[in-house]
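The values are calculated or read from the model by the stated rules, or taken from the named source; none is laboratory data. What you are looking at is a predicted structure, and each value in this text was computed from that prediction instead of being measured. Cβ atoms come from the backbone with ideal geometry, glycine included; neighbour counts cover every protein chain shown. SASA here: full protein model, heavy atoms, side chains in, ligands and nucleic acids out. Shrake-Rupley method; radii C 1.70, N 1.55, O 1.52, S 1.80 Å.
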Amino acid sequence: MKSTPISSLTPDAVNTLLSGIPFYKDLMFNDPEQTKVLLSHSQLFEPAPGEVVIEKGARDHLFYFLLSG
């Protein structure tokens with residue numbers, strides 16, 4: 001699975017990727033500083049076709065947003 005730190009993307013690219021996520025839009029509107037903290041700890045994962053990111057019912061210490069697929 002390819003992993004890219006969000007910090008390596010341009011701000012426009014980040015906004016394009018995340019603008020459809022209500023959680024992101026609300027946080028950006030209500031607390032831009034907290035949004036910066038969240039993004040500083042974020043990564044973009046790009047799984048290969050058919051690769052499982054997390055199994056149903058599994059627990060993980062990560063928080064995922066599915067952007068497409």
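Note on the chain: Cα-only Rg and Dmax are 12.9, 37 Å.
Partner aspartates and glutamates whose Cα lies under 15 Å from the Cα of Lys2, excluding those fewer than 8 positions away in the same chain, are identified as Glu46, Glu51.
Find how much the distance from Glu51 to Lys36 grows on full extension, using 0.36 nm per residue of separation minus their present alpha carbon separation; answer in nm with one decimal.
2.4 nm
Per residue, the average separation of C-alpha pairs within less than 8 Å and at least 6 apart gives the chain a relative contact order of 46 percent. Rounded to a whole number, what % of the accessible area of the chain do carbon and sulfur atoms account for, probe 1.4 Å? Heavy-atom surface of the chain belonging to carbon and sulfur, 1.4 Å probe: 59 percent.
Ligands, DNA and RNA are left out, and with a 1.4 angstrom probe the accessible area of the chain is 82 Å² per residue.
With the highest mean first, a sort of the peptides 48-60, 15-27 on other beta-carbon atoms found within 10 angstrom per residue produces 15-27, 48-60.
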